[in-house]
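S.K.: Take a look at the following structure, please.
Laboratory data are not the source of any read-out in this text; all were calculated from the coordinates shown. A quick note: this is a predicted structure, and the numbers were derived from the prediction, not measured. Cβ sites come from the backbone with ideal geometry, for glycine too, and all protein chains shown count toward neighbours.
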Amino acid sequence: MCETCGCGDHELVPVEIHQRLLEQNDQLARHNREHFVEHGVLAVNVMGSPGSGKTALLEATARALHGARRVLAVSGDLATDHDAQRLRAAGIESRAITTGTACHLDARLVHDALHALEWWRADVLFVENVGNLVCPAIYDLGQAANVVVLSVTEGEDKPLKYPVMFRRADLVVVSKTDLVAHLPQVDLGRLRDALARTMPRPRVIELSAVTGQGIPEWLEWLEEQRARLPAPAASHDHPHTHG
């Protein structure tokens with residue numbers, strides 16, 4: 001349970017207080033989004049269960065890009081900076097957000113972490129959310145797109161059991177596909193069906209960070225999202241100020 005917001009527990013946090021928290025979050029998310037748009041930065045919220053392969057996807061992205069795009073990341077975790085360390089080792093400038101008891105990132109946590117990065121110089125900013133299939137979907141961070149990473153080992157019914165997460169996904173990356181040959185009980189057809197029944201506009205990439213399957217399609221999708229961004233304003237030496 002997140003002690004910050006109660007995560008929908010109306011006995012811990014009354015409805016009206018939770019609504020006020022979401023309104024405050026949305027206001028700061030709009031602030032984040034304005035700056036991302038101003039500087040032409042594609043911000044992608046990467047969500048999924050613990051161990052689904054979020055960090056491995058970003059590591060594989062860095063390897064495949066070979067420096068063609070400047071990629072930055074902020075990485076949320078309850079207690080460590082292990083994922084941020086992995087991303088830095090892969091060549092992605094990154095900042096850890098240690099949430100303590102909070103089971104999701106919010107707009108303020110992202111905003112504050114960005115002050116340690118020259119985020120305005122990035123082509124793509126990945127926000128690697130805390131591993132969780134519930135709460136991260138509720139909080140707007142100012143991102144342009146939501147990506148959910150779902151590993152083949154998690155079960156074909158996950159989209160049906162956690163529909164809010166998948167309804168809000170612009171893309172689902174089905175990860176660890178190299179394991180399917182060793183898991184006869186895994187039925188990708190049933191998984192695709194569950195996603196089609198849950199996502200308003202199903203977009204799925206089946207991917208393996210180990211073999212590279214799906215990585216070109218993933219990079220192409222990122223470029224599609226970048227192409228949809230409004231034209232950035234003239235570059236500024238200082239990213240933004242606060243009143």
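S.K.: Can you order the peptides 48-58, 180-190, 212-222 by their average number of other Cβ atoms within 10 Å per residue, highest first?
M.R.: 48-58, 212-222, 180-190
S.K.: Let me check I've understood the local charge: for Asp123, count other residues with C-beta under 11 angstrom from its C-beta, Lys and Arg +1, Asp and Glu -1. What total comes out?
M.R.: +3
S.K.: For the chain, what is the relative contact order in percent, using Cα pairs closer than 8 Å and at least 6 residues apart in sequence?
M.R.: 24
S.K.: Further question on the same structure: To one decimal place, what Kirkwood hydrodynamic radius in Å is obtained for segment 54-166 from all pairs of distinct Cα atoms?
M.R.: Every distinct Cα pair counted, the radius reaches 14.7 Å.
S.K.: Taking only the C-alpha atoms, wrap a convex hull around segment 99-159 and report its volume per residue in Å³ as a whole number.
M.R.: Hull volume normalised by residue count: 116 Å³.
S.K.: Just to confirm a number: summing +1 for Lys and Arg and -1 for Asp and Glu over residues other than Arg33 whose beta-carbon lies under 11 angstrom from that of Arg33, what do you get?
M.R.: With Lys, Arg at +1 and Asp, Glu at -1, the net is -3.
S.K.: Counting only the backbone N, which residues of segment 58-79 are under 18 Å from the spot 7 Å out from the Cα of Leu219 toward its beta-carbon?
M.R.: Those under the cut-off are 58-72.
S.K.: Using only DSSP helix segments of four residues or longer, with each worth -39500 (n - 2.57), what per-residue ellipticity at 222 nm results for the chain after dividing by its residue count and rounding to 500?
M.R.: -10500 deg cm²/dmol
S.K.: Nearest 5 is fine: what % of DSSP beta bridges in the chain come out antiparallel, could you say?
M.R.: Just about 5 percent of them are antiparallel.
S.K.: Here's a follow-up. List every residue whose amide H lies under 5 Å from the amide H of Leu150, counting only residues 5 or more places away in sequence or on a different chain, with H placed 1.01 Å from N in the peptide plane.
M.R.: Hits under the 5 Å cutoff: Val173, Val174, Ser175.
S.K.: I've got another one for you. Sort segment 190-233 into rounded, prolate or oblate with this rule: let a ≥ b ≥ c be the square roots of the eigenvalues of the Cα gyration tensor; rounded if a/c is under 1.5, and if a/c is not under 1.5, prolate when a/b is larger than b/c, oblate otherwise.
M.R.: Taking the square roots of the gyration eigenvalues as a ≥ b ≥ c, segment 190-233 is oblate.
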